[in-house]
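Some notes on the structure that comes next.
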Amino acid sequence: MKSLNLKRSRYYLFMVFIIFVSPLSSSERAWEVQSPDEHLSIIVDVDEDISFIVKYEGIEVMDVSEIMMDVGVGLELGSKPVVLKGIVERLSEKISVQVPHKDAIVEGAFNQLILDFKSDYQLIFRVYNDGLAYRFMSLNPQIETVYREDMRLSFPENSSSFFPQEDSMYSHNERLYINKMVSEIGEGEFCSLPVMFNVGKAKILMTEASLHNYPGMFLGKSGKNSFDAQFPRYVLETEPASWDPDRNQIISKEADYIARIFGERAYPWRVFIVSDDDRVFVESNLVTQLSEKSKIPDADWIKPGLVAWDWYNSNNIYGVDFEAGLNQETYQYYVDFASENGIEYVILDVGWSKSTTEVLEGNENLDVPKLIKYAKTKNVGVILWILWKPLDESPDNILKRYSSWGAAGIKVDFMQRNDQYMVGSYENIARIAAGYKLLVNYHGAFKPAGIERVWPNVVNYEGVQGNEHNKWSSNVTPEHNVTIPFIRMAAGPLDFTPGSMVNMNRVDYETGGLNYAAFYTRPMSLGTRAHQVAMYVTYEAPLQMMSDSPTIYYKEQETVDFITEIPTIWHETIVLEGSVSNYIVVARRNGEDWYIGAMTDWTSRDFDLNMSFLSGGQFQMQFMRDGENAARNAQDYKVGFDEVTKDSKIKIKLSSGGGWVAILKRKDKKLSLN
């Protein structure tokens with residue numbers, strides 16, 4: 001049986017041991033693989049089907065069973081399997097990340113089991129210190145269709161979940177993470193990925209990686225403590241919906257299969273991060289490690305940065321001598337604001353084009369090529385919003401036009417699907433955009449799952465309930481804000497769009513009544529000013545929004561000056577404190593400089609921070625903290641300075657819904673905020 005190269009070319013491998021292994025048991029059907037530190041292990045059982053149990057510190061925490069793919073032609077990979085050979089590889093790796101949202105260099109080790117089966121397929125298992133993964137590898141050139149892929153997860157009694165429940169697979173995947181007992185989740189209820197389970201001994205987060213030309217996975221409740229893999233079927237026909245037909249579709253005809261394929265291929269990794277330390281879920285690079293090699297060898301043209309965003313604030317500028325709106329004067333105002341503050345980009349969101357489907361020219365009040373030319377004189381790039389439907393119909397023609405205008409990138413919106421065609425469309429758009437050196441930001445999108453590694457010009461994804469929901473709901477609470485770093489962000493960057501300057505407490509300090517209202521054109525956020533600013537360090541987003549109105553930012557110049565000192569890519573990440581849905585304190589390095597972001601839920605907290613992660617020498621620290629009266633007025637904050645070394649211990653205090661954020665530079669470097 002031939003072997004398939006596992007694309008090790010994306011790694012620098014500096015240690016490999018290959019061992020032909022015998023099964024654990026005399027029945028010749030079980031194999032055990034441990035993590036390098038031996039805290040995590042799996043026992044793979046091959047009998048009538050394929051299953052494995054996961055042990056953490058010697059205690060069983062999850063059972064994964066019924067692993068199977070129905071590929072037609074009378075063949076079910078994983079059903080009545082016959083093992084021909086088992087190989088364990090001990091590997092170490094070093095990955096250089098082109099657009100680093102967490103760590104620029106990812107080093108790690110894992111133990112890998114490759115099982116070769118009769119009928120020309122493999123199952124590959126990897127066990128890392130922070131988690132594990134498995135994938136199918138088909139070596140049969142005759143396979144053309146995947147009818148279904150099965151997997152059942154079963155958890156111990158009294159397990160709970162942060163469950164991003166979905167109503168439909170036609171979804172933006174912008175969900176709240178509902179903390180509930182697994183036994184209370186109704187049979188048939190389902191969720192998108194990533195999803196986290198608390199099994200007592202540890203927490204387990206599931207997501208996927210190397211998702212290419214294949215549908216995204218969902219998980220559906222199938223028994224008291226069990227969940228089954230679910231996939232959208234292959235879409236054959238769609239028709240415009242009756243509501244907003246420019247962007248919404250009715251899927252009118254589906255196939256009886258989930259994917260069309262062409263012979264030999266690797267399938268997506270099913271990824272599980274496992275730890276009893278919540279900090280690991282923020283620090284883990286498993287999705288990056290399990291993604292494929294970049295197809296952009298020279299990515300120097302990809303420039304991350306901050307973005308002045310118009311849609312959140314509804315182009316609501318004032319105190320000017322022109323009428324605000326979707327016009328030349330308003331966007332020149334945005335460009336001027338960006339230029340004056342060293343902000344790299346401006347986005348023209350919905351409304352800039354002639355219509356949402358006529359996207360090759362601007363509206364009657366906006367000369368887009370002229371605006372882009374003006375922005376270039378100010379060292380500001382322009383990113384253009386576009387609906388997915390018209391872009392998918394003519395991607396090369398549209399992106400060629402935008403490139404000829406000098407646009408820096410595109411923001412693609414309203415995909416709302418996870419089926420095979422849609423996953424392929426993401427990659428096709430990214431590929432064509434890369435040819436024109438355009439950045440891509442996906443909104444109305446599923447989570448990152450590896451396309452951003454292959455096409456690093458994909459600099460961000462939404463797939464998160466972020467600040468924009470402030471326009472119509474009160475869902476985006478500090479508790480939600482300190483949940484998503486541990487769950488959604490474990491999959492990759494997230495376009496939460498921070499930067500709200502209108503900050504509100506949970507209740508009025510005198511009446512005890514609600515202190516918040518959702519205003520579409522003048523939104524506000526829950527939590528303190530320092531809570532919002534800390535997001536610029538806490539949330540990973542190579543393309544990071546500044547969501548509020550330039551007029552308001554001009555009135556809050558001290559806050560703007562602080563935000564614009566914070567980079568959007570990171571060379572090293574260390575989580576100092578972390579508890580899912582409660583609090584997070586994270587330190588990130590860019591070059592020689594360090595940045596710290598701290599956020600809490602509605603509970604005020606104190607932390608003693610050990611600064612031993614710093615290198616030698618003295619650092620000047622500029623910090624923003626909650627003001628003394630932040631519990632009365634969430635916009636109250638204080639900026640201060642201090643000097644610290646790696647031997648320092650600093651005490652920080654966070655108000656209810658509060659935050660704390662710091663910029664640390666070597667004392668011999670000038671801190672521009674001083």
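The values are calculated or read from the model by the stated rules, or taken from the named source; none is laboratory data. Note that the structure is predicted; figures quoted are calculated from it, not measured. For neighbour counting, all protein chains shown are included, and Cβ atoms are generated from backbone atoms with ideal geometry for every residue, glycine included. Accessible surface areas use protein heavy atoms only, side chains included; no ligands, DNA or RNA. Shrake-Rupley method; radii C 1.70, N 1.55, O 1.52, S 1.80 Å.
Results, tabulated for the structure shown:
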item: Spin-label pair residue 181/residue 276, simplified geometry with 7 Å Cα→Cβ offset, distance in nm; result: 2.3
item: Among 248, 435, 134 - extreme Cα towards positive end, dipole of the chain, charges at beta-carbon; result: 435
item: Exposure of residue 480 as accessible area (Å², to 10), given a probe of 1.4 Å and all protein chains; result: 10
item: Surface/4 estimate of mean projected area, convex hull on alpha-carbon atoms of region 570-674, nm²; result: 6.6
item: Contact order normalised by residue count of the chain, Cα under 8 Å, 6+ apart, percent; result: 11
item: J(HN,Hα) series, region 449-458, from Karplus relation 6.51 cos²θ - 1.76 cosθ + 1.60, nearest Hz, glycine and proline x; result: 8, x, 4, 5, 7, 6, 10, x, 6, 7
item: Value of relative contact order over region 597-674, rounded to a whole percent, pairs C-alpha under 8 Å and six or more apart; result: 47
item: Neighbour cut-off at most 11 other Cβ (10 Å), DSSP loop, GluC sites (Glu not before Pro), region 324-358; result: 358
item: Cα-centred dipole magnitude for region 590-648, charges only on beta-carbon of K, R (+1) and D, E (-1), debye, nearest 20; result: 140
item: Using θ = phi - 60° and Karplus 6.51 cos²θ - 1.76 cosθ + 1.60, couplings along region 498-513 (whole Hz; Gly, Pro as x); result: x, x, 5, 9, 9, 10, 10, 7, 5, 9, 5, 5, 9, 8, x, x
item: Region 455-528 versus region 55-104: alpha-carbon centroid distance in Å; result: 35
item: Nearest-10 value in Å² for the accessible area of residue 256, using the 1.4 Å probe; result: 100
item: About the Cα centre, charge dipole magnitude for region 233-340 (Lys/Arg +1, Asp/Glu -1 at Cβ), debye; result: 720
item: Neighbour cut-off at most 13 other Cβ (10 Å), DSSP loop, GluC sites (Glu not before Pro), region 186-231; result: 187
item: Extended-chain gain in nm, criterion 0.36 nm per residue less alpha-carbon gap, residue 237 and residue 201; result: 8.3 nm
item: Average Cα contact separation per residue, region 223-343, under 8 Å, 6 or more apart, as relative contact order %; result: 14
item: Approximate spin-label separation residue 639-residue 248, in nm, with each point projected 7 Å along Cα-to-Cβ; result: 4.4
item: Student exercise, the chain dipole from Lys, Arg, Asp, Glu Cβ charges, in Debye to nearest 20; result: 1360
item: Under the Debye formula (equal points on every Cα, no solvent term), log10 I(q)/I(0) of the chain at q = 0.05, 0.07, 0.12 Å⁻¹; result: -0.23, -0.46, -1.36
item: Expected-Rg normalisation [2.2 N^0.38 Å, Cα atoms] applied to region 434-557; result: 1.15
item: Translational diffusion coefficient (Stokes-Einstein; Kirkwood radius from C-alpha pairs) of region 155-307 at 10 °C, 1.306 mPa s, in µm²/s; result: 88
item: In region 576-659, chymotrypsin sites (Phe, Trp or Tyr not before Pro) in a DSSP loop with at most 15 other beta-carbon atoms within 10 Å; result: 613
item: Set of aspartates and glutamates near residue 638 by C-alpha distance (under 14 Å), chain-local residues within fewer than 8 positions excluded; result: 556, 558, 561, 626, 628
item: Using a Förster distance of 35 Å, the FRET efficiency for residue 403-residue 293 (Cβ separation, nearest 0.05); result: 0.85
item: Farthest toward positive dipole pole in the chain [+1 Lys/Arg, -1 Asp/Glu at C-beta], among 656, 490, 91; result: 91
item: Reference-scaled alpha-carbon Rg (2.2 N^0.38 Å with N residues) for region 348-390; result: 1.17
item: Distance from region 255-311 to region 607-625 (C-alpha centre basis), Å; result: 32
item: Residue-wise HN-Hα coupling along region 572-586, computed from phi with Karplus coefficients 6.51, -1.76, 1.60 (Hz; x: Gly, Pro); result: 7, 10, 9, 8, 7, 9, x, 8, 3, 6, 10, 6, 8, 10, 10
item: Accessible surface ranking that places the most exposed of 290, 576 first, with a 1.4 angstrom probe; result: 576, 290
